[in-house]
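Here's the structure, in structure tokens; my notes come after.
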Amino acid sequence: QVQLVESGGGLVQAGVSLRLSCAASGRAFSTLGWFRQAPGKEREFVAAIRGSGRITRYADSVEGRSTISRDNTKNTVYLQINRLKPEDTAVYYCAGGGDSIITTRDENAYDYWGQGTQVTVSS
């Protein structure tokens, strides 16, 4: 069974940093991405990473204050967001796919999804 399990979410104050983790099992993923969904809004792309980790992409909303990374020996992907804002409040999901993914911002391109971890940023 292929699984992606997120962790690291919680209730934090604006301005602090948070690092989310996503542990994959059952297979390795060439492409790993992070998405988020706020209450009443559609799910949106946050960040993606390929292969060894040298190719990354970020949404404008987190560009410059976030870092996506991966540890392939642990089959784990991380997302660190600095200077958190209340608008970062959402359920954060990790997703995995293979080499066939061309547009990493497209949620429909991914094959497997985690259950999500809640991030709540207070003012």
In terms of modelled amide H atoms, which long-range or inter-chain residues lie less than 5 Å from the amide H of Leu20? Leu79, Gln80, Ile81
Whole Å is fine, so just give me how far the alpha carbon centre of region 67-114 lies from that of region 1-44. 6
When the Kirkwood hydrodynamic radius is evaluated over all pairs of different C-alpha atoms of the chain, what value in angstrom, to one decimal, is obtained? 14.2
Length added when fully stretched, Asp111-Asn72, from 0.36 nm per residue minus Cα-Cα: 12.2 nm
Could you give the length gained on full extension between Asp60 and Ser122, defined as 0.36 nm per residue of separation minus the Cα-Cα distance, in nm? 20.2 nm
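Once the other residues with Cβ under 12 Å from the Cβ of Val121 are scored (Lys, Arg +1; Asp, Glu -1), what is the net sum?
Numbers: positive: Arg36, Arg83, Lys85; negative: Glu87, Asp88.
Net charge in that neighbourhood comes out at +1.
Could you tell me the calculated FRET efficiency between Thr103 and Arg83, based on Cβ-Cβ distance and R0 = 22 angstrom, to the nearest 0.05?
Once the sixth-power term is evaluated, E becomes 0.20.
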Around Ile101, with a cut-off of 13 angstrom between Cβ atoms, what is the net charge of the other residues, counting Lys and Arg +1 and Asp and Glu -1? -1
Using only the heavy atoms of the protein chains and a 1.4 Å probe, how would Lys41, Lys85 rank by accessible area, largest first? Lys41, Lys85
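The values are calculated or read from the model by the stated rules, or taken from the named source; none is laboratory data. From a predicted model like this one, the values you see are computed outputs, not experimental measurements. Every residue, glycine as well, gets a Cβ built from its backbone with ideal geometry; the counts of neighbours run over all protein chains shown. Note: accessible area is taken over every heavy atom of the protein model, side chains too, but ligands, DNA and RNA are not part of it. Shrake-Rupley method; radii C 1.70, N 1.55, O 1.52, S 1.80 Å.
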